[in-house]
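Novice: One structure is given below, represented as C-alpha cells, and several questions about it will come after.
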Amino acid sequence: MTASHELRTPLTSINMAVDLLRESAGSKLTDQERAVLEACHEDVQRLRALVNDLLDLSKIEAGKLELSFEPVQPRFLGDQAASVIKPQAESKGIELALTVPEDLPAVSADPHKIVWVLVNLLANAVRHTAPGGHIKLRGERVGNQVQLAVSDDGEGIPLDLQPRIFDKFVHGKPSDGGGGSGLGLAISREIVRAHRGSIWLDSIPGQGSTFTFTLPIAA
C-alpha cells in the first residue's frame, strides 16, 4: 500500500506532462515521435490502473474495504455494467445480450462494488472474444440467492490456468498482452466474498468461458 501511494504522485505528474505534449506538440512531431508519445501515454494509463488495483486489493486484504449495503435490483446492476461495456463490444462487432429478468428479487449489495465486478468480467470477455462473437449477462434466482453470470464464446481459459485464475497477477492466458493488471479477478473474488457470496469459472478452451457469482437476497 505504501509503495502504491508513493507511485501515485509521480505517475500523475508524468500523465499530465504526456497529455500536455499530446495536445500542444503533437503537430510538430514526426510520425515516429508521435508513436513513442502514444506508447508512453498507454503505458502510463496501464501503470495507473495497476496502482489503483494494488491499492484496492491492499485495502481488501487489510480488512478495510468499505461497503454500503442496500437492497438493489439485479436488473439495475446489469444495466449499469452493460452500459459501460457496450461501446467496447460494439467497436469489436461483439453482440452483448442482457437477460436479467426485471422481476428478480432485490439483493443485498453495495451497487458500486458489484457493478465494478460485472464491468471487470464483461471487459475480460470482450478482450478474449473475437470480432463477431457473443457475450451474455444472465441472472436467475437459485434458492435464497441470485446468480449473475457472464458468458462468452471466445478463446476460453487454458486448463492449467483455471485452478489459479482468481489468484493475483494471473492472466487468462500466458501470452495475454491485453494490458490488464492481473488483479481484477482477485479483487472481484474478495468483493463477492465480502457480500457473503461465491464466484467460480466454467471454461472449455477454444469454446468460451462463464464466470458466475452469487449474491444473497435482501431480507
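The values are calculated or read from the model by the stated rules, or taken from the named source; none is laboratory data. Keep in mind that this is a model prediction, so the values were computed, not measured. Backbone-built Cβ (ideal geometry, glycine too); neighbour counts: all protein chains shown. Surface accessibility is based on the protein's heavy atoms, side chains included, excluding ligands, DNA and RNA. Shrake-Rupley method; radii C 1.70, N 1.55, O 1.52, S 1.80 Å.
Novice: In degrees from 0 to 90, rounded to the nearest 10, what is the angle of the helix 74-91 Cα long axis to the longest principal axis of the chain?
Specialist: Approximately 40 degrees, to the nearest 10.
Novice: Using only DSSP helix segments of four residues or longer, with each worth -39500 (n - 2.57), what per-residue ellipticity at 222 nm results for the chain after dividing by its residue count and rounding to 500?
Specialist: -15500 deg cm²/dmol, from helical runs alone.
Novice: While we're here: Past the 30 Å Cα-Cα mark, which pairs from Lys64/Lys136; Lys113/Lys136; Lys136/Lys168; Lys86/Lys113; Lys28/Lys92?
Specialist: Table pairs above 30 Å Cα-Cα are Lys64/Lys136; Lys28/Lys92.
Novice: Quick check: at a probe of 1.4 Å, how many percent of the accessible area of the chain sits on carbon and sulfur atoms?
Specialist: On the chain, the fraction of accessible area on carbon and sulfur atoms equals 53 percent.
Novice: Could you give the Stokes-Einstein D for the chain in µm² per second, using the C-alpha Kirkwood radius, 10 °C, 1.306 mPa s?
Specialist: This corresponds to a translational diffusion coefficient of 84 µm²/s.
Novice: Can I ask one more? Go through 183-196, 117-130, 87-100 and give me the packing order, highest mean Cβ count within 10 Å leading.
Specialist: The packing order, highest mean first, is 117-130, 183-196, 87-100.
Novice: One quarter of the convex hull surface, Cα atoms only: what value does that give for segment 45-136 in nm²?
Specialist: 6.8 nm²
Novice: While we're here: Would you be so kind as to identify which of Ala194, Ala25, Val146 lies farthest towards the positive end of the dipole of the chain, taking Lys and Arg as +1 and Asp and Glu as -1 on Cβ and the Cα centre as origin?
Specialist: Final value for the positive-end residue is Ala194.
Novice: Send over a whole-number figure in Å² for the accessible area per residue of the chain, probe 1.4 Å.
Specialist: 54 Å²
Novice: At q = 0.21, 0.22, 0.23 Å⁻¹, what log₁₀ I(q)/I(0) does segment 1-107 have when each alpha carbon counts as one equal point scatterer in the Debye sum?
Specialist: Ignoring solvent entirely, the Cα scatterers give -1.07, -1.08, -1.11.
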